[in-house]
Amino acid sequence: MSTLQNDLYLRALLREPTERTPIWMMRQAGRYLPEYREIRKEAGDFMTLCKNPELACEVTMQPLRRFPLDAAILFSDILTIPDAMGLGLYFEAGEGPKFERPVRDLAAINKLGVPDPEQELGYVMNAVRTIRRELKGSVPLIGFSGSPWTLATYMVEGGSTKNFSEVKKLMFAEPQAMHKLLDTLAQSVTSYLNAQIAAGAQAVMVFDTWGGVLSPRDYREFSLRYMQQIVDGLTRENEGRRVPVTLFTKNAGPWLDEMAKTGADALGVDWTTDLADARKLVQDKVALQGNMDPSMLYASPARIEEEVATILASYGHGHGHVFNLGHGIHPQVDPDHAAAFIEAVHKLSPAYHR
Ligand code: 1CP
């Protein structure tokens with residue numbers, strides 16, 4: 001196995017010294033890139049792209065050819081697990097993900113099995129192996145999964161939701177059924193991420209996009225507890241190196257200290273919390289990733305650079321910061337503005353590492 005040419009991202013996650021702040025962008029492969037839209041049109045539908053390791057690899061590499069990013073992220077989706085459980089994932093034009101067979105009661109939950117990652121999800125592992133080969137040790141590859149709570153919202157609602165009424169109904173009216181679902185998901189996510197690590201993912205990230213819609217007590221009981229179960233079950237070393245794990249709950253500002261106690265190496269932070277406050281809360285126990293508002297990429301390159309300067313100053317001197325957006329890049333963003341964002345981090349961050 002060749003050594004990594006650029007391991008800034010991995011070192012920053014472990015709060016080791018780096019000469020500048022590493023950067024990657026959530027959803028860095030996707031619709032804001034014309035070359036993505038081209039391949040997506042040829043493939044026909046999004047899951048076809050995910051299920052073809054060569055195409056998934058090509059799309060993963062696209063942003064890295066354009067920009068000096070410090071990590072690649074597997075091109076896939078969090079909904080591969082419920083799809084492998086037999087819920088029938090499909091995408092309707094302009095409407096986001098949907099399931100043919102949502103899970104609404106204990107009987108349906110009891111029927112769910114833990115997918116075998118090298119069988120039903122073998123296409124994901126093949127994509128990881130293909131991407132690692134193609135990266136040739138240039139930058140590390142990030143594997144990922146959704147959190148049990150976030151996956152449950154899609155599985156119970158049958159797709160995206162605004163008010164979370166079905167999933168909250170299940171949670172409050174039949175908590176034991178909800179716990180059974182979340183436990184099956186935590187087992188599935190753990191084996192899925194461990195298989196990604198065995199296939200070559202050098203770091204993993206858990207996306208808890210919807211944990212922030214819960215009360216602090218419910219967050220602890222229905223989201224954080226199952227992320228803890230995952231952190232406890234993950235392979236933490238491979239190829240002679242630590243495999244860092246990042247947890248990201250959107251809108252989790254006040255809970256970052258509790259998240260830091262899980263044993264995760266790093267936490268994702270969105271733009272509603274200042275990194276200075278986040279850093280105080282976690283007491284340098286973990287690295288922090290974030291946190292520019294993705295909508296800032298609509299502003300001029302000069303304004304973007306100013307915002308990068310503000311965020312770097314907010315984190316302050318010292319190591320343990322991975323620059324990123326606070327959520328995924330929007331499909332309408334001009335790729336030249338993404339380039340300006342990345343360039344600003346390269347230009348301004350070395351001063352914070354001297
Ligand atoms: O081409 C298309 O029309 C499909 C759009 C698309 C893309 C590009 C979807 C459908 N998923 C993805 C890729 C994806 N999804 C990645 C790729 C790697 C990268 O470049 O970052 C990742 C990490 C995800 C993760 C994901 N999917 C999350 C968690 C992160 C987040 O953004 O909050 C969630 C919630 C999903 C569900 C999902 N899949 C797709 C869409 C449009 C959505 C969101 C639906 C919703 O808002 O409820």
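The values are calculated or read from the model by the stated rules, or taken from the named source; none is laboratory data. Everything quoted here is computed from the prediction, not taken from an experiment. Cβ sites come from the backbone with ideal geometry, for glycine too, and all protein chains shown count toward neighbours.
Computed values, structure above
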read-out	value
Residue check for V156: touching a residue at least 12 places away in the same chain (Cβ under 8 Å), within 17 Å of L89 (Cβ to Cβ), more than 20 Å from the chain's Cα centre (by Cα) and in a helix (DSSP H, G or I)	yes
Residue list for the stretch 80-104, filter: of a type in the set (A, V, I, L, M), within 12 Å of the ligand (Cβ to nearest atom) and not in a helix (DSSP H, G or I)	L89, A93
When residues of the stretch 276-306 are limited to those that are touching a strand residue (DSSP E or B) at 6+ places or on another chain (Cβ under 6 Å) and part of a helix (DSSP H, G or I), the one farthest from L348 (Cα to Cα)	A278
Condition met for V243 (modelled with pLDDT of 95 or more, more than 16 Å from the ligand (Cβ to nearest atom), under 16 Å from the mean Cα position of the chain (by Cα) and of a type in the set (V, I, T))	yes
V167 vs. criteria without any contact (Cβ under 8 Å) to a residue 40 or more places away in the chain, more than 9 Å from the ligand (Cβ to nearest atom) and within 26 Å of V124 (Cβ to Cβ)	yes
Filter pass, G137 being within 11 Å of the ligand (Cβ to nearest atom), assigned to a loop (DSSP other than H, G, I, E, B) and either touching a helix residue (DSSP H, G or I) at 6+ places or on another chain (Cβ under 8 Å) or not acidic (D, E) (or both)	no
Lone unmet requirement of (1) more than 16 Å from the ligand (Cβ to nearest atom); (2) within 21 Å of A203 (Cβ to Cβ); (3) not in a helix (DSSP H, G or I) for H317	(2)
Residues of the stretch 45-89 satisfying the condition of being surrounded by fewer than 15 Cβ atoms within 10 Å (Cβ to Cβ), at negative phi and modelled with pLDDT of 95 or more	E54, R65, P68
The lone exception for A195 - which of (1) crowded, with 20+ Cβ neighbours inside 10 Å; (2) touching a strand residue (DSSP E or B) at 6+ places or on another chain (Cβ under 7 Å) it fails	(2)
Search result, residues across the stretch 170-189 that are more than 15 Å from the ligand (Cβ to nearest atom) and touching a strand residue (DSSP E or B) at 6+ places or on another chain (Cβ under 9 Å)	S188
Count of residues meeting criterion [closer than 29 Å to W24 by Cβ, acidic (D, E) and free of Cβ contacts under 8 Å to residues at least 60 places away in the same chain] in the stretch 64-105	2
Residue list for the stretch 80-109, filter: among the small types (G, A, S) and closer than 22 Å to V128 by Cβ	A84
Residue that is nearest to R129 (Cα to Cα) [pool: residues in the stretch 23-79 that are of a type in the set (S, T, Y) and more than 9 Å from the ligand (Cβ to nearest atom)]	T48
Residue that is surrounded by the fewest Cβ atoms within 10 Å (Cβ to Cβ) [pool: residues in the stretch 235-253 that are part of a loop (DSSP other than H, G, I, E, B) and out of contact with any Leu (no Cβ under 6 Å at 6 or more places or on another chain)]	G240
Sole residue being within 15 Å of the ligand (Cβ to nearest atom), out of contact with any strand residue (DSSP E or B) (no Cβ under 8 Å at 6 or more places or on another chain) and among the β-branched types (V, I, T), chosen from V124, V114	V124
All positions within the stretch 90-103 that are closer than 15 Å to T153 by Cα and modelled with pLDDT under 95	G96
All positions within the stretch 106-127 that are part of a loop (DSSP other than H, G, I, E, B) and crowded, with 16+ Cβ neighbours inside 10 Å	L112, V114, P115, P117, E120, L121
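One line per residue, one yes/no per condition, for (1) assigned to a helix (DSSP H, G or I); (2) over 20 Å from P244 (Cβ atoms):
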position: L170; (1), (2): yes, yes
position: M178; (1), (2): yes, yes
position: T184; (1), (2): yes, yes
position: Y192; (1), (2): yes, no
position: A198; (1), (2): yes, no
position: F207; (1), (2): no, no
position: F222; (1), (2): yes, yes
